[in-house]
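To start, the structure itself, in structure tokens.
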Amino acid sequence: MSTDALVLLKQDHQDIKRLFTEFENAGKNALATKQKLADEIIANLTVHTYLENECMYPRVRELVPDIEDDILESYEEHHVADVLCMELAAMSPEDERFVPKMMVLMENVRHHIEEEEDEWFPKVREALGRKPLQEIGQRMLEMRPTAPRRPSQPSALKKALDAILS
């Protein structure tokens, strides 16, 4: 198994896109399947964004300050995904906004993946080279088992969501 951070992140991207496709291909009335897939999507995205936010982005920001604007934009894209995941985690597939919310999440994440893989990753690979990317990847592998599987909700947001969904 490679410890190259970019290879690991691309594998996460492939796994997430596969889950998106499975969700899209689930039948309209496949509510249990959609719930299972939504739970997997939320878990995978939460782990992935945690590893990027806590390991990859800070280290790259330190080593390659020229791409700081890209990293700051990525933090914000992760924030949007986290909010959507929090909302989806509090919903069920029977909710009329569940599928539309999942579609918005998928559109945003696909856009983020495309930007990272087409624009950001090549810049990072060129600037860092093999050894630093392997070191970052090794750290990500060490962090993965204890990474959160559900997005954390600030208590005020949780109360507001609970009130809306009640």
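Worth a mention:
- Check on Val7, at pLDDT below 95, surrounded by fewer than 20 Cβ atoms within 10 Å (Cβ to Cβ) and aliphatic (A, V, I, L, M): no
- When Asp12 is tested against the conditions (1) modelled with pLDDT of 95 or more; (2) among the charged types (D, E, K, R); (3) surrounded by fewer than 19 Cβ atoms within 10 Å (Cβ to Cβ); (4) over 22 Å from Val99 (Cβ atoms), the lone failure is (3).
- Among residues of region 66-93 that are touching a residue at least 12 places away in the same chain (Cβ under 8 Å) and over 15 Å from Glu107 (Cα atoms), those with a Cβ under 8 angstrom from a residue that is outside any helix (DSSP H, G or I) and not basic (Lys, Arg), sequence gap 6+ or separate chain, pair up as Met86/Pro151; Met86/Gln153; Ala89/Pro151.
- Selection status of Asp118, surrounded by fewer than 15 Cβ atoms within 10 Å (Cβ to Cβ) and at pLDDT 95 or above: yes
Yes/no per residue for (1) surrounded by 16 or more Cβ atoms within 10 Å (Cβ to Cβ); (2) at pLDDT below 95; (3) not in a helix (DSSP H, G or I):
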site	(1), (2), (3)
Arg18	no, no, no
Lys28	no, yes, yes
Asp39	no, no, no
Asn53	yes, yes, no
Asp66	no, yes, no
Ser74	yes, yes, no
Glu77	yes, yes, no
Leu88	yes, no, no
Ser92	no, yes, yes
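- Filter pass, Thr49 being assigned to a helix (DSSP H, G or I), crowded, with 21+ Cβ neighbours inside 10 Å and not basic (Lys, Arg): yes
- In the set Arg125, Arg59, Arg139, Arg110, only one residue is of a type outside the set (A, V, I, L, M, F, W, C), under 13 Å from the mean Cα position of the chain (by Cα) and surrounded by 14 or more Cβ atoms within 10 Å (Cβ to Cβ); that residue is Arg110.
The values are calculated or read from the model by the stated rules, or taken from the named source; none is laboratory data. Predicted model, so just to flag it, every value in this text is computed and none were measured. Here the Cβ is made from the backbone with ideal geometry for all residues, glycine too, and neighbour counts use every protein chain on show.
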